[in-house]
Amino acid sequence: MSRKLIIGSSGQIGTELVIKLREICGKDNVVAADIKQPIDEVFYGGPYEEINVLDKERIKDVVLKYKVEEVYILAALLSATAEKKPDLAWKLNMEGLFNVLELAKEKVIKKIFWPSSIAVFGPTTPSKNTPQHTIMEPTTVYGISKLAGERWCEYFFNKYDIDIRSIRYPGLISYKSSPGGGTTDYAIEIFHHAIKHGNYVCFLEKNRALPMMYMDDAIRATIELMEADKEKISIRSSYNVGGISFTPFEITQEIKKTLPNFEISYSPDFRNEIAKSWPSHINDQVARKDWGWRPNIDLDQMCQTMLKQLKTDFV
Ligand code: AKB
């Protein structure tokens, strides 16, 4: 069992990935790392180290200390925050990746997971059934950094044979840890507001559809991709993976099945402009063919789970 280091273990994906990987691989084989302390389950559930992804020597020390073979780089600034802090977003999203790529080139690390995003697409991309290979002209800081990162991943694979794997995550929906600074975050906020206040002011327009995925599917996709035989991986930039697509109006209708008095109103802000530049539905045929990807959770199941879990938390 190769030992894994998850940098960004306090974030939305990191929290759930650490918990799942520890279940599968054993707690001592998964080292969690971040600059901010994670939730107790992650902090006390196995090894934890404070790491800033911009500090290459610190990453190297921890990798050597635990004899880590695989690194997951989940530390990043998401789309909405990146528009406000473009310098920091570029630095964090690019240099963090580069530090780990360099360590793999120096043969300190054997395998890397790096998350890309549907933000690599732009307004000139076909918005429905967006193919794996298509026009990519992102207009956001975050999208530009993710597209550049994808190119670097493929370059390091071709040039140095580094086993790097990646997924273009859609908006991820979960209840265990909060997202931070994304355009798709409305699809989580809406549940919190529905339960606490019975109403929600949405920062996207009513009919703006975006690709989304329930976190359990995203974690499974990540683990399945990382465990797939090397020969099956034909994409070394990043894979499209599809889940569910819906608009704010459609998710509201689902929530109303459980909470009939829930009210939504719309006040689109700059995040709606970001959303307008992204696809609405993703074609994931290549991931399906290469490593057998299939989403499990539909809109109805996702809404039922979110409402049930959050209601328990608030009681
Ligand atoms: C965001 O909204 O910025 C992220 C993403 C789609 O990558 N959730």
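Calculate, in nm to one decimal, what Q301 and H192 gain on full extension: separation in residues at 0.36 nm each, minus their alpha carbon distance.
Result: 37.6 nm gained on full extension.
To the nearest 10 Å², what's H193's accessible area with a 1.4 Å probe?
Number for this one is 60 Å².
Using R₀ = 30 Å, calculate the FRET efficiency as 1/(1 + (r/R₀)^6) where r is the Cβ-Cβ separation of T258 and Y155; round to 0.05.
So, using R0 = 30 Å, E works out to roughly 0.05.
5 Å is the cut-off here: which amide hydrogens, built 1.01 Å from N in the peptide plane, fall below it relative to V30, excluding neighbours closer than 5 in sequence?
K4
Compute the semi-axes of the equivalent ellipsoid of the range 41-185, taking the square root of 5 times each eigenvalue of the Cα gyration tensor, and list them largest first in whole Å.
26, 19, 14
Using the Karplus equation 6.51 cos²θ - 1.76 cosθ + 1.60 (θ = phi - 60°), what ³J(HN,Hα) coupling, rounded to whole Hz, does each residue of the range 187-197 give in order, writing x for Gly and Pro?
6, 9, 3, 4, 5, 4, 5, 4, 6, 6, 10
Put a dot 7 Å past each Cα toward the Cβ at K36 and K110; how far apart are the dots in nm?
Rounded to a tenth, the inter-label distance reads 3.4 nm.
Whole-Hz ³J(HN,Hα) for each residue in the range 41-46, computed from phi via Karplus 6.51 cos²θ - 1.76 cosθ + 1.60 with θ = phi - 60°, x for glycine and proline: what do you get?
Once rounded to whole Hz, the list reads 4, 7, 5, 8, x, x.
Given H placed 1.01 Å from N in the peptide plane, which residues other than close sequence neighbours of I51 have an amide H under 5 Å from its amide H?
D34, I35
5 Å is the cut-off here: which amide hydrogens, built 1.01 Å from N in the peptide plane, fall below it relative to K85, excluding neighbours closer than 5 in sequence?
none
Report, to the nearest 10°, how far helix 248-258 tilts away from the longest principal axis of the Cα atoms in the chain, using its own Cα long axis and a range of 0 to 90°.
70 degrees
Using DSSP to define loop residues, name the chymotrypsin sites (Phe, Trp or Tyr not before Pro) in the range 8-104 whose beta-carbon has at most 13 other beta-carbon atoms within 10 Å.
Taking the range 8-104 and a limit of 13 other Cβ atoms within 10 Å, the loop chymotrypsin sites (Phe, Trp or Tyr not before Pro) found are Y44.
Once each part is reduced to its C-alpha centroid, what is the distance from the range 6-69 to the range 103-169 in angstrom?
Comparing the Cα centres of the range 6-69 and the range 103-169, I get a distance of 23 Å.
For the chain, evaluate the Debye formula with one uniform point scatterer on each Cα (no solvent term) and list log10 I(q)/I(0) at q = 0.07, 0.15 Å⁻¹, rounded to two decimals.
The Debye formula, applied to the Cα set alone, gives -0.26, -1.25.
Grab the beta carbon distance between M1 and E205, set R0 = 51 Å, and tell me the FRET efficiency rounded to 0.05.
Calculated value: 0.60.
Do the alpha carbons of any pairs in K67/K176; K67/K311; K36/K196; K91/K159; K65/K230; K60/K289 sit beyond 31 Å of each other, and which pairs?
Those over the limit are K67/K311; K60/K289.
The values are calculated or read from the model by the stated rules, or taken from the named source; none is laboratory data. No experiment lies behind these values; they were computed from the predicted model shown. Note: ideal-geometry Cβ built from the backbone for every residue, glycine included; neighbour counts use all protein chains shown. Please note that ligands, DNA and RNA were not included when accessible areas were found on the heavy atoms of the full protein model with its side chains. Shrake-Rupley method; radii C 1.70, N 1.55, O 1.52, S 1.80 Å.
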